[in-house]
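Take a look at the structure set out below.
Values quoted throughout were computed directly from the atomic coordinates according to the rules given, and no laboratory measurement underlies them. What you see is a predicted model; the values in this text were computed from it and never measured. All Cβ positions, even for glycine, are placed from backbone atoms using ideal geometry, and neighbour counts span all protein chains on display.
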Amino acid sequence: MEKTLIVIKPDGVQRNLIGEIISRYERTGLKLVALKMMQADENLVEKHYTIDPDWKKNVGTKAIESYEKKGLQPPSNDPVEVGEDVLKRLKIYICAAPVVAMVWQGNEAVKLGRKICGSTESLSAEMGTIRGDYSLESYQLADGSERAIVNLVHASGSVEEADQEIALWFTENEILNYKLIRDTLLYDKNWTI
Ligand code: ADP
Ligand code: MG
């Protein structure tokens, strides 16, 4: 069964949204199989965001496109340069205060994890998503303050990324394998009440 890494970033903890965020994942039927509150360090953040060798380029391209779509001039036209800056700012942001790291498991956990979290820029994230409902962050606001986009939560982007991220944040024995009575209802072909 698929697993995904969800991290409540420092602003989620500071804004008393731990319970709200957990409940949004819990109510879908995904199963919580690991959870810890911790202080991340820069080394962890660096490793986390460089698992995908193309992340810097992709993050930069996404930012430049967003500026262009709004008819604005991006801070730089070089995606890798933008990506480098984002990583520096992410180290400051993610390490600023404790985070809550979790592993959620279930059918299409990665896709569902992203759907619940919403897109990167809170301002364009759909209402009904965590980022859309609880944040007003934009690329411009973040760049104006020379900080990372503050958007409450991290959710793995692909199954491959999730597996590697989980291995980075958790040891094997921190991830629990247990049965919920609910699982029968969700996944068993023949169930009765
Ligand atoms: P997501 O978290 O939606 O998967 P990315 O993987 O592209 O987004 O980026 C990781 C995190 O880096 C984002 O959640 C956000 O906190 C921050 N970030 C992304 N792009 C920018 C940007 N252009 N400027 C500042 N921070 C950014
Ligand atoms: Mg990502």
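Details
- Each listed q (0.08, 0.16, 0.17 Å⁻¹) maps to a log10 I(q)/I(0) for the chain from the Debye sum over equal C-alpha point scatterers, namely -0.27, -1.03, -1.16.
- Using the Cβ-Cβ distance between I92 and L141 with R0 = 22 Å, the FRET efficiency computed as 1/(1 + (r/R0)^6) comes to roughly 0.90.
- Pairs of C-alpha atoms in segment 72-174 farther apart than 25 Å represent 26 percent of all such pairs.
- Counted by Cβ distance under 10 Å from V59, the other residues give a net charge of -1, where Lys and Arg count +1 and Asp and Glu count -1.
- Label point of T28 set 7 angstrom out along Cα-Cβ; within segment 85-106, amide nitrogens under 12 Å from it belong to 104-106.
- Stretch in the chain that is longest and holds no chymotrypsin sites (Phe, Trp or Tyr not before Pro) that DSSP places in a loop and that have at most 14 other beta carbons within 10 Å: 1-177
- Calculated FRET value between Q14 and D78, using beta carbons and R₀ = 35 Å, to 0.05: 0.60
- Expressed as a fraction of 2.2 N^0.38 Å, the C-alpha radius of gyration for segment 1-85 is 1.41.
- Exceedance of the 28 Å cut-off in Cα-Cα distance is limited, within the set K31/K57; K3/K62; K91/K179; K57/K91; K36/K62; K9/K62, to K31/K57; K91/K179; K36/K62.
- Against the chain, whose longest principal axis comes from its Cα atoms, helix 79-94 is set at around 60 degrees.
- Peptide packing for 142-148, 171-177 was compared via the average number of neighbouring C-beta atoms within 10 Å per residue; ordered from the highest value, the list is 142-148, 171-177.
- Cβ-derived FRET efficiency at R0 30 Å, K111 paired with L176, nearest 0.05: 0.85
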